[in-house]
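Colleague: What follows is a single structure, and I will ask about it in a moment.
The values are calculated or read from the model by the stated rules, or taken from the named source; none is laboratory data. Please read these numbers as outputs of a predicted model, since none were measured by experiment. Every residue, glycine as well, gets a Cβ built from its backbone with ideal geometry; the counts of neighbours run over all protein chains shown.
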Amino acid sequence: MRPLGINCLAVLLICMLLCSATVYSQIPFYTDDADTTPKRQFHLEMYNEHDVLQKSAYPVKRQNTFVFTLNYGLTDNLELGVNAPYITLINSRIVESGAVSGQGDVQFGLKYKLRAERDGSKLPAFAVVFYAEAPTGSTRKELGSGLTDYWLYGIAQKSLTKRTTARVNGGVLFSGNSSTGLIGIRTERGRVYTGNVSFVRSFSSKLNLGAEVFGAVTSNFILDRGQLTGQIGAQYLLTNKVTLTFGVLGGRFTASPRAGVHLGFSYN
């Protein structure tokens, strides 16, 4: 099968032409925000990420991940979400099959906003998220983990200035593992601890720029089996209907990509 790069770009362009609502965007950042989708509204995010893998993944050299995320506001403070990746693993020329593609593991989640940020208060906004991931990806093709994952994490979000926002995530994956294809911790069963920090600054009414660091480590804290990735990203209000997102990332350790690029969009 062929890589998804061209097909995904075509999907992005078509969807950008068809969408017709005010845009809110969290991607390209993996650090989650404390905001939830308003009651009875939908929020859609689609992005394509192409990564160069660590040498330990050889003979697989690259991974292309196309992700569809749909959120729905059950109340103004409670959001239901589903996340479905389509993964392509691109092999070295020594492997007869140049690429393997298919559905990855699908996530279902609930986010509850405990507290909104308030003027005059030093306390940040808080939210808590619970995700369950079903083993829908093929383990034979290395597209899925074969495990059911349960992940709980918290979010703190604070406006440092009128233009700059800091976000911190911290959580624990109680069972399963954190992999998406060959990215993420795959070799350990049991608890995985995750953490994210991001800073995003609004430079104009249309452009946000930010940076983040995110990672994961197993309960025995063996770093060379862990994940540590940094990303620089942008959100650009292309029209009053579409936000275009772009990111460049790189990481260390087995569970991180060596380098990658993100292109996506979101709309309500």
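Colleague: Only one of E188, E212 is under 25 Å from D105 (Cα atoms), acidic (D, E) and modelled with pLDDT under 95; which?
Modeller: Values: E212 fails: modelled with pLDDT under 95.
Testing whether each residue is under 25 Å from D105 (Cα atoms), acidic (D, E) and modelled with pLDDT under 95 leaves just E188.
Colleague: Which residues, taken from segment 227-243, are without any contact (Cβ under 8 Å) to a residue 60 or more places away in the chain and more than 17 Å from the chain's Cα centre (by Cα)?
Modeller: Hits for segment 227-243 are Y236, T239.
Colleague: Which of the following residues is under 30 Å from F203 (Cβ atoms), free of Cβ contacts under 8 Å to residues at least 40 places away in the same chain, out of contact with any Ser or Thr (no Cβ under 6 Å at 6 or more places or on another chain) and in a loop (DSSP other than H, G, I, E, B): R140, R118? Give the derivation first.
Modeller: Working: R140 fails: under 30 Å from F203 (Cβ atoms).
None of the others qualify; the one that does is R118.
Colleague: To continue, here is another question. If you go through segment 193-213, how many residues are among the β-branched types (V, I, T) and in contact with an Asp or Glu (Cβ under 9 Å, 6 or more places away or on another chain)? Please lay out each step first, then the result.
Modeller: Filtering segment 193-213 for residues among the β-branched types (V, I, T) gives 194, 197, 200, 213.
Going one step further and asking which of them are in contact with an Asp or Glu (Cβ under 9 Å, 6 or more places away or on another chain), we end up with 197, 200.
Residues flagged as among the β-branched types (V, I, T) and in contact with an Asp or Glu (Cβ under 9 Å, 6 or more places away or on another chain) within segment 193-213 amount to 2.
To keep it simple, each residue is scored yes or no on (1) of a type in the set (A, V, I, L, M); (2) modelled with pLDDT of 95 or more.
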position	(1), (2)
L44	yes, no
V60	yes, no
V67	yes, yes
L70	yes, yes
L80	yes, yes
N91	no, no
F108	no, yes
L114	yes, yes
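Colleague: From the list T37, T31, T69, which residue is assigned to a loop (DSSP other than H, G, I, E, B), within 30 Å of A166 (Cβ to Cβ) and within 16 Å of the chain's Cα centre (by Cα)? Show your work before the answer.
Modeller: Details: T37 fails: within 16 Å of the chain's Cα centre (by Cα); T69 fails: assigned to a loop (DSSP other than H, G, I, E, B).
Answer to the check: T31.
Colleague: I've got another one for you. Please pick out the residue among S256, S205 that is part of a loop (DSSP other than H, G, I, E, B) and under 27 Å from L182 (Cβ atoms).
Modeller: Details: S205 fails: under 27 Å from L182 (Cβ atoms).
Criteria check complete, one pass: S256.
Colleague: Next up: Which number in (1) more than 25 Å from L89 (Cα to Cα); (2) crowded, with 16+ Cβ neighbours inside 10 Å marks the one condition that S145 misses?
Modeller: That leaves (1) as the condition not met.
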